[in-house]
Each structure stands twice: as structure tokens, then as C-alpha cells.
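Here is the structure we will look at.
The values are calculated or read from the model by the stated rules, or taken from the named source; none is laboratory data. For clarity, every value in this text was computed on a predicted model and none was experimentally measured. As a convention, Cβ positions derive from the backbone with ideal geometry for all residues, glycine included, and neighbour counts pool all protein chains shown.
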Amino acid sequence: MVTYWIAVLAISILLYVLLDGFDLGVGILFGATSDETKRRAMLGAISPMWDGNETWLVVTGVILWGAFPPVYATLLSAFYLPLLVMIAGLILRGVSFEFRSKATTARWLWDWSFAGGSFAATFIQGMTVGALVEGLPIRNGVYAGGDFGWLSPFAVLCGIGLCLGYMLLGASWLVRKCEDDVRDNAYRLIPYLSVGLLAFLLVVFGYALAGDFRVMGRWLERPYLLIFPAIGVIAAIVLAHSVRHRRDGKPFYMVALIFVAAFGTLAISFWPYMIPFSITIDDAAAPHASLAFMFWGEGLFVFPLMLIYAAVNYSVFRGKVRPTADHY
Amino acid sequence: MDITALLLSRLQFAFTISFHIIFPSFTIGLAAWLTLLEAMHRATGRPAYRVVFEFWLKIFGVAFGLGVVSGVVMAFEFGTNWSAFAAKMGPIQGVLLSYETFTAFFLEASFFGILLFGRSRVPPWFYLFSTAMVALGTTFSAFWIMVNNSWMQVPVGYAPMNGTFGPADWFKILFNGVVWVRFPHMLLASYLTGAFCVAATGAWYLLRGEFHAEARIMLRMGLFLGAVLVPLQLLFGHLVGDYVHDSQPVKFATIEARWHDEQPASEVLIAWPDEAEQTNHYAISIPILGSLIGSMSFTSKEVGLTDFPVQDRPPVAIPFFTFRIMVGCGLAMLLIAWLGSYMSLKERLGQNRLMLWLIFLSFPLPWIAILTGWFTAEVGRQPWVVYGVMRTAEAMTPFLTTRAATISLVVFCAVYSFIFAFGVLYIYRLLRAGPAGQLVLPPHAAIPNRPMSVLDDHHVPGAPQIGAGE
């Protein structure tokens, strides 16, 4: 049961990062252009999916609460102020999708909310992961860092890194869904973003080595884990190739693969801890009666349906976004 | 009272949850109403039903979207502000809310897209089915929330399990009597919200002399629904009162502002309760009625607040007054629904502007009743978060600072006011525009999962248009 729910949790987080990752990334890129036609095309490329994508965040939250209550309680309370910023960002960004087209004089307000909200939410997500990798100040199972215990140069660095990562994911999505200017712009951005991301990863690696993070010890113990970075490298090579040859469909999958590799790397560095190095999966698991009740209903029947629905949604909206079909 | 992180967290939770409940209570009712309209259209073939359906679907979209964004906050707030509670109660309440996410959000999201954009792509029977599924999804959501809250009011079927409260008996948790009176109470309240908003809109159009056919459908269906459902709601309200009487005697005494044991007990209609003096000022009360309401008896003894230690009593004034406001709204709704239905049957409603004005102005009543009803239930449960098991003061994140709690409260107030103002503005514009002949079908590559995008329909160049009389 515990294994099953850890697996479902991992799938939900990964789906969230990949799916909301690209639409948050497009949101950040949105702020970098001021051309109305391009902005509409960018919105059109994500508006059918963003809401469903974000639902995976809620799924992640409730699985944590139901199946691993101490982790839910510790993480959310420790990251009190950052999560506030993230939620505010997600709300403003969510309503901007809808309100911007109705605004007459206040469109700039919603444009700003959309780009700013996307950026804020992304930055916070990267920062929390960074703070977790570095290790939260937790004593006897209770967070003891105060209002700003999560704040560190490393965490901020990871926040910036995730912004680069989501922007790369977003750019590769635009390549896939758009045509003309927007696609060409995105193609031009991908190399810069990729190099930026690579530089970020190197800095993070160096920082972790220099700072003697405990997570690093796991890598020395288990050298076979290098398979994940290796997958990432191969994906990056194929990405470069597909960008040079303008294969619209491919870059997104390659960037996604890089994210999967990074996710796998992180997950295995943490294992068996959920909050390194204070709460393990077994410490955190809810009583069997809770996990079993979740499994026999939502786990066994509803979860597969949710996956099927997401797949159907994406297949309905497959292919390029035609300007004529754009509702704006 | 000192400004503490606890007080601020309570204010924040009260504010965010009150803001949130405004939208689901409307959309639950509206989804059911849309299903009814679509079924009527299928059965009778009258085009006016279809026009009214398309019109309310747009409003449904906006309200649904605001409900979704304000709901995401709730999923986080238990962990940020109430982490001690979240850690201890997660094995029961986290599981219940995970069921809400999996069953309700999934159904809503799946069929909502078809509802907004799929009419031309699916057979008519499937469209009706989709409408019903959205209504079912919102109902599931309400169900899990009511199971969850009922467990906090009357915790059953739990046992201590390594430092937390674990589920000992899921059957008891899901199928106890409290759930099954409170869930219908909430569901009926939502239906009434929908019914009164629809009737009020109809009355508004008649007052303005517009959209006669549609306005008459809205008025009639809304009023008739209200005329049947309000009495039913009063009955369920009474049943909810019975469970409070039996399971939460201190809350019952608070609502009644009964300070001392009485036999037979009188009923305080209105008064100014004074906690310091433990008495009521300016009280108007009726002898014996208290026993009759509490125990259906002329002689029963009813307990008073002084039977309970001061630290176990809720604040008296809020539950006392909110309960009376709720009941007052209910009675006013009964009057309006019955009188309006009677006049409508006699075909005299259209000429009576006073009555139309009354109906038009009645649309806030269900919301006020829902909010004050929840205030009664939640404030009346204090000082417990889980009644008799965990105190609210023990539920809070132990290291939450006043500074952090102040910041978050201010941010939520600002953001919510901002989006609420614009959301209301857009709904108002839709209502004012009315179900005119500008009925527009969505474009082909339309967009599910985008509740509010319906608003954009009339901007679509080249979208196929159908007239009101299609």
C-alpha cells in the first residue's frame, strides 16, 4: 500500500512538473514579448490544458495529506510565506487567462498578472525544492527555521534554475503548437535556455560539492544512479539535433526527458526520505486502514480514469493551433 | 483581544472559506437547474428552454471558475496554518478530501468541457448525460465536504493510531446520521440559491420589460422550485437542530442563549446576550416553546450554558445572532416563494411590480442564510476544531508567527477583493445583456477546461450563430 501511494504520488508530481511546467514557462515567456498577435498565439497554445494541468498540484496535495500527513503538515507550514506567494501567483495567473480578453482599458493589468504570476509560482517551486535538497532546519520532527528558514542562496539559485527549465519546456511546447514568428522565436530561444540550464546545473553541482550536502553522499554510495544524468545528456544531444533540423514535434519530448531524468535523480537522492534527512516514507505513511480505503476506491478505479481523461484531452487538442480557431 | 497568530489564522480561514462557499453553493444549484432545463428541452422541444440554458451556462462558467481558484487555496491552508491538525487528522480527513479531488474534480473537469463546447460533437442524449455528470460531480464534492465537516462536528469511528487519529470504522464515518441530515441541508441550500437567483433575474427582466418568454420561465421555475424546496429545507434544518441538541448540547444552549437549566424551557426569540453577566438583556421569550423545539415535549428539562465550564463554551453572540438571521432568511424565502408562486399561477405576477421588486431583491437571501448557517455551525463548535477531541488552539502550526499570519491575511484579502470585484462585474454584464437573440454556438476548436472562456463567445468571428427561436 505504501509503495502504491508513493508511486501514485511520484506520477502526480512528475505530471504536474511536466504539464504545468510548460504552461508556466509559456507564461514567463509571455512577459518577454509585447506583440499582441504573438501573445494571443502563445495563450492559444496552452489555454485548453492549463486548468487540467494545475489539477495535478491539488492531487499531489491531497495524496500527501491523506497518505503521508506528517509530510503535508511539515512542508506546507515550513514554506508558509513562499506558498502564499505561489498561491497568489496561481490565482492571478488563472483569472488572467479569462479576464484579459474582457478588459478594455486594463489589459496591461492582466498581462502583468499573467506573466508575473507564472514567474512567481515557478520561482517558488524551484526554491522549495532547492531548500529541501540543502536540508530544512528540522529538530525532533518539527520545523525550527522561523519565517525565513528556507531562504538561502542555494534555494534562490534553484528558483532561477527552475524558471530557466520551465521556460525551456515552454519554448519547446510553443515550437510544437505554434507556427511562424512564435515558433521561430522559440527556436532561437531554446539554445540560450539550454545553455543557461546547463550552466545552472553545473553551478548547483559545484555548490552541492563545496557545501558538502548530505544528498551528495548518496551518489558516492550508489554510482549506478548516474544512469539518470546519462539519460539527461542523451536527451540534450537529441534536443540539439532536432532544433538544428527544425523538427517541431521533437524538442518538447526531449526537454520532458531531461526533466524526467532530473526528477528521477532527485527522487532517488531523497529515497527513502520524503523530507531529507528527517522524515522517511515509512515514518510518514498514514495507518493501513487509511491507505487501504484510498486504494480500493480512488486508487484502483478513479486514478486510471483520470489518466485516461488527460490523454483524451491532449489527443482532442493535438496538432498546431490554427489562428482561425483561436477564440480571442 | 490580543492580535495573535491564532486569531489571525482563524480570521483568514473564515474569510477564505466564506469567500469560497459563495461560488460552489451557487454552482451546485445551477448545475442541477441546467440539467433540469436540458431535460425539459429534450422532453418538450420548446426552444425557450434552450435559450435559458445557454444563457445560464455562461454565468455558470464564470462562477465555476472563481470557485475553482478559491478552492485551490483551501487545499493548502490546512497544512500552512493548521499543521498540527493536519498531521493528527490526516488519516481520516486527508483521505476524505482526497476522495473529493479524485471523484468530484475528475467528473466535473471531464464533462464540463463537453458542456461548454461539445454540443455539436456529441449526440443530444449524451449532452444531457454530460450535464447530469457535471451536476453529479458538484454533488460529490459537496458530499465529501459534508462528510468531512460532519466528522469534525461529531467525530465517530476513529481510534488513536501511533500519535494520530486513524479510521477505525469507515462505515460509521460515511454513513452516520449526522452526515445524512447535514448533506441534504447543504444541497437544498444550494438548490435554493440557484432557484432564487434565477427567479430574481426573471423578475429583473420583467421590471425592465425585456425577454418576456425567458423571464417567465425563470420566474416560474425558480419560484415553484422554491415553494417546494423551502419547506423541505425547514424540515431538514429542524433535523440538523435535533443532532445539535443531542450531540452538541453546549452549542444548542448557545444558539438558544439559555444560560441556566430550565424545565420546561422557554424559547428566547430575540435578546442581547451578555457573556460577562451570563444573562440576556431585552429578552423576548415564549414559555415552554424551548422544550417543544428541543425535545418535542411540554415538560422536558433543557440544559443551560452554566452547566459547562467556561473554557468549553463557544462565544455566544455570533451563533445566537447568525442562527436567527439564517432562520429569518428562510422564512422570508418561504413567504416570497409561496406568494410569488400563487400569483404566478393566477397570472397576476407580471403586473405586480411590488412583488417583482421583492423577488428581484431576494437573491442575496440564500447566500446570507448559507453564510450565517455556517457561522452558526463553525463558531458554535468552538473552542473545538474537532468537537471534544482537539481544540482549535492546539490545531495551529506551533511556530507560526504573528508577522507571517498578518502578511498572509492581508494578501488574501487584497487578492480576493480584486478578483471578486472583476468576477462580479463580468457576471453583472452577462446578466444585463440577457438571453438575447445573440445566442452563439462556440467555435469548433473550442476549449474545455476553460470555464470562463464562454464569455468570449460573442467575440468569435465566424462562429455559427443561432437565433433565440432556433
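Kindly establish whether A:THR55 is closer than 30 Å to A:VAL321 by Cα, free of Cβ contacts under 8 Å to residues at least 60 places away in the same chain and more than 9 Å from chain B (Cβ to nearest Cβ). So A:THR55 does not fit the description; no. The test for being among the β-branched types (Val, Ile, Thr) and surrounded by 23 or more Cβ atoms within 10 Å (Cβ to Cβ) does not hold for A:ILE138.
Considered as a group, the residues in the stretch A:111-124 that are among the small types (Gly, Ala, Ser) and surrounded by 20 or more Cβ atoms within 10 Å (Cβ to Cβ) include one that is farthest from the other protein chains (Cβ to nearest Cβ), and that residue is A:ALA115.
The combined condition, being without any contact (Cβ under 8 Å) to a residue 24 or more places away in the chain, over 25 Å from B:VAL424 (Cβ atoms), assigned to a helix (DSSP H, G or I) and within 14 Å of chain A (Cβ to nearest Cβ), is fulfilled by B:GLY94.
Scanning the stretch B:344-353 finds one or more residues that are surrounded by 18 or more Cβ atoms within 10 Å (Cβ to Cβ) and touching a residue at least 40 places away in the same chain (Cβ under 8 Å). Taken together, the residues in the stretch B:74-84 that are facing chain A (nearest Cβ under 8 Å), surrounded by fewer than 24 Cβ atoms within 10 Å (Cβ to Cβ) and either in contact with a Ser or Thr (Cβ under 6 Å, 6 or more places away or on another chain) or in contact (Cβ under 8 Å) with a residue 40 or more places away in the chain (or both) amount to 1. The lone criterion from (1) in contact with a Gly (Cβ under 7 Å, 6 or more places away or on another chain); (2) crowded, with 20+ Cβ neighbours inside 10 Å left unmet by B:LYS58 is number (1). Among residues of the stretch A:64-85 being among the aliphatic types (A, V, I, L, M) and within 30 Å of A:PHE295 (Cα to Cα), the one that is nearest to the chain's Cα centre (by Cα) is A:LEU83. For residues in the stretch B:405-416 being out of contact with any Ser or Thr (no Cβ under 9 Å at 6 or more places or on another chain) and under 16 Å from B:PHE13 (Cβ atoms), which is surrounded by the fewest Cβ atoms within 10 Å (Cβ to Cβ)? The qualifying residue surrounded by the fewest Cβ atoms within 10 Å (Cβ to Cβ) is B:VAL410. Of the set (1) assigned to a helix (DSSP H, G or I); (2) closer than 30 Å to B:LEU356 by Cβ, all apply to B:ILE255 but (2). Report the residue count in the stretch A:127-151 for those that are under 23 Å from A:GLY21 (Cβ atoms) and assigned to a loop (DSSP other than H, G, I, E, B). Residues that pass the stated criteria total 1. Does the stretch B:239-248 contain any residue that is assigned to a strand (DSSP E or B) and either under 19 Å from B:GLU378 (Cβ atoms) or touching a Cys at 6+ places or on another chain (Cβ under 8 Å) (or both)? No, the stretch B:239-248 contains no residue that is assigned to a strand (DSSP E or B) and either under 19 Å from B:GLU378 (Cβ atoms) or touching a Cys at 6+ places or on another chain (Cβ under 8 Å) (or both). Residues being in contact with a Phe, Trp or Tyr (Cβ under 6 Å, 6 or more places away or on another chain), within 11 Å of chain B (Cβ to nearest Cβ) and in contact (Cβ under 8 Å) with a residue 60 or more places away in the chain are represented in the stretch A:100-110 by at least one member.
Within the stretch A:253-300, the set of residues being small (Gly, Ala, Ser), crowded, with 18+ Cβ neighbours inside 10 Å and more than 30 Å from B:PHE171 (Cα to Cα) comprises A:ALA256, A:ALA261, A:ALA262, A:GLY264, A:SER269, A:SER278. Among what's in the stretch B:164-183 and is away from chain A (no Cβ under 14 Å) and in a helix (DSSP H, G or I), pick the residue that is surrounded by the fewest Cβ atoms within 10 Å (Cβ to Cβ). Residue satisfying both the conditions and the ranking: B:GLY177.
Is it the case that some residue within the stretch B:167-181 is at pLDDT below 95, touching a Phe, Trp or Tyr at 6+ places or on another chain (Cβ under 7 Å) and among the polar types (S, T, N, Q)? No, the stretch B:167-181 has no match at all. Quick check: anything in the stretch B:38-46 touching a helix residue (DSSP H, G or I) at 6+ places or on another chain (Cβ under 8 Å), assigned to a helix (DSSP H, G or I) and surrounded by 22 or more Cβ atoms within 10 Å (Cβ to Cβ)? Yes, that holds for at least one residue. When B:VAL385 is tested against (1) outside any strand (DSSP E or B); (2) in contact (Cβ under 8 Å) with a residue 24 or more places away in the chain, exactly one condition is not met: (1). Scan the stretch B:135-163 for residues that are within 14 Å of chain A (Cβ to nearest Cβ) and part of a helix (DSSP H, G or I) and the total you get is 10. Only a single criterion out of (1) within 27 Å of B:PRO184 (Cβ to Cβ); (2) within 14 Å of chain A (Cβ to nearest Cβ) is not satisfied by B:ALA14, namely (2). Consider the stretch A:5-52 and keep the residues that are modelled with pLDDT of 90 or more, more than 13 Å from the chain's Cα centre (by Cα) and within 14 Å of chain B (Cβ to nearest Cβ). The one that is farthest from A:LEU168 (Cα to Cα) is A:TRP5.
Residues in the stretch A:88-99 that are facing chain B (nearest Cβ under 7 Å) and over 16 Å from B:GLY65 (Cβ atoms): A:ALA88 alone. Taken over the stretch B:97-132, the criterion of being at the interface with another protein chain (Cβ under 8 Å from one of its Cβ atoms) and either over 30 Å from A:PHE68 (Cβ atoms) or among the aromatic types (Phe, Trp, Tyr) (or both) is satisfied by B:TYR99, B:PHE102, B:PHE105, B:PHE106, B:GLY113. Looking at the stretch A:132-174 only, could you name the residues that are at pLDDT below 90 and away from every other protein chain (no Cβ under 14 Å)? Matches in the stretch A:132-174: A:LEU132, A:VAL133, A:GLU134, A:GLY135, A:SER152, A:PRO153, A:PHE154.
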